[in-house]
Structure formats: structure tokens, C-alpha cells
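The values are calculated or read from the model by the stated rules, or taken from the named source; none is laboratory data. Treat the numbers as computed from the prediction; the structure is a model and nothing was measured. Backbone-built Cβ (ideal geometry, glycine too); neighbour counts: all protein chains shown.
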Amino acid sequence: MNLKTFHIVFVTAASLMSFVFGGWCWRYAETSASAGIRSLGVASFGVGVALIAYGFWFWKKINAGQSSGSSGSGKGGAIALVLLVWFFGQPVAEACNTCYGEAEGPLIDAARAGVWVLFGLVGMLQAAFVGFFVYLWRRSNGASN
């Protein structure tokens, strides 16, 4: 696998993970009264759309010198759309009070804190992806001038 192919696969996987995480946030926000989770989901959808736009831009750039008469150009978008519709059609998986033992307590507080730490890590990872792609874009513009 060459670097261009790895780049396309990596951007595709990152955008799909952004949509999955955004969908999870959106569905979780429907069952809880937290607007912060919903805004995190919207931000994740935005990063996913930006990654798709970047992927198309990169694909056009690497295929600029080649002929563009391929017949399977829309298959990737159709697959992503089917996966997104499938994800939103799944029921929400939530743990019940039997699994937790009680609805409040130190164990629940620790689990909530852990979830917020993971939200922060995922958000920082997405911000790092965006920053890295902006860095590469700026560097490529500087090299072409």
C-alpha cells in the first residue's frame, strides 16, 4: 500500500469514525438532558464533513494528471451513506439500574467522569487531525510556490 492509498483509507476511516461518534452523541443526548453532548455531536459531524471535503480535494489533486473516466466513482459515498443510515436505525444501547446497582453513587459519578474524559480525548484527537491536515495543506501550498 503506497502513501496515497494509505492517506485515502485513513481519511475515510477518520470521517466514518467522526460520523459514528456524532451519531452516538446525538442519540445519547435524546435520552439525557445534556446540551453539551448534542453540541459535541454536531461538532463531530462538522469534522466528518470537513474530512470528506478534504478527501475529495486530495483525490482530485492526486488524479489531476490521470484520466477521470472511471465508472465506480460514486461507490464510496454510497457505502458511507448506507453505513450511516444503518447506524441511525440501530436501537440505543443503555445500561439499566440493574447493571449499575443504583441510579446514584460514587460508581456512577466515576463512570460519568470517565465518559467526559473520553469525550475530551476524542475531541482533542479530532482537533489534532484537523490541525495536521491544515499543516499539510499549508506546507503543500508553500512547496508549490
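Taking the stretch 107-130 as the region of interest, how many residues are aromatic (Phe, Trp, Tyr) and either touching a residue at least 60 places away in the same chain (Cβ under 8 Å) or surrounded by fewer than 10 Cβ atoms within 10 Å (Cβ to Cβ) (or both)?
The number of residues fulfilling the criteria is 2.
Looking at ILE108, ILE79, which is the one that is part of a helix (DSSP H, G or I), at pLDDT 65 or above and more than 27 Å from VAL11 (Cβ to Cβ)?
Working: ILE79 fails: more than 27 Å from VAL11 (Cβ to Cβ).
Residue meeting the stated conditions: ILE108.
Take the conditions hydrophobic (A, V, I, L, M, F, W, C), modelled with pLDDT of 70 or more, out of contact with any Ser or Thr (no Cβ under 8 Å at 6 or more places or on another chain) and within 25 Å of TRP137 (Cα to Cα) and apply them to PHE19. Does it pass?
For PHE19, the condition - hydrophobic (A, V, I, L, M, F, W, C), modelled with pLDDT of 70 or more, out of contact with any Ser or Thr (no Cβ under 8 Å at 6 or more places or on another chain) and within 25 Å of TRP137 (Cα to Cα) - is not met.
Could you list, in sequence order, the residues of the stretch 8-43 that are among the β-branched types (Val, Ile, Thr) and touching a Gly at 6+ places or on another chain (Cβ under 6 Å)?
Within the stretch 8-43, VAL11 is the sole residue that qualifies.
In this structure, does PHE133 turn out to be in a helix (DSSP H, G or I), surrounded by 10 or more Cβ atoms within 10 Å (Cβ to Cβ) and either modelled with pLDDT under 75 or in contact with a Phe, Trp or Tyr (Cβ under 8 Å, 6 or more places away or on another chain) (or both)?
So PHE133 fits the description; yes.
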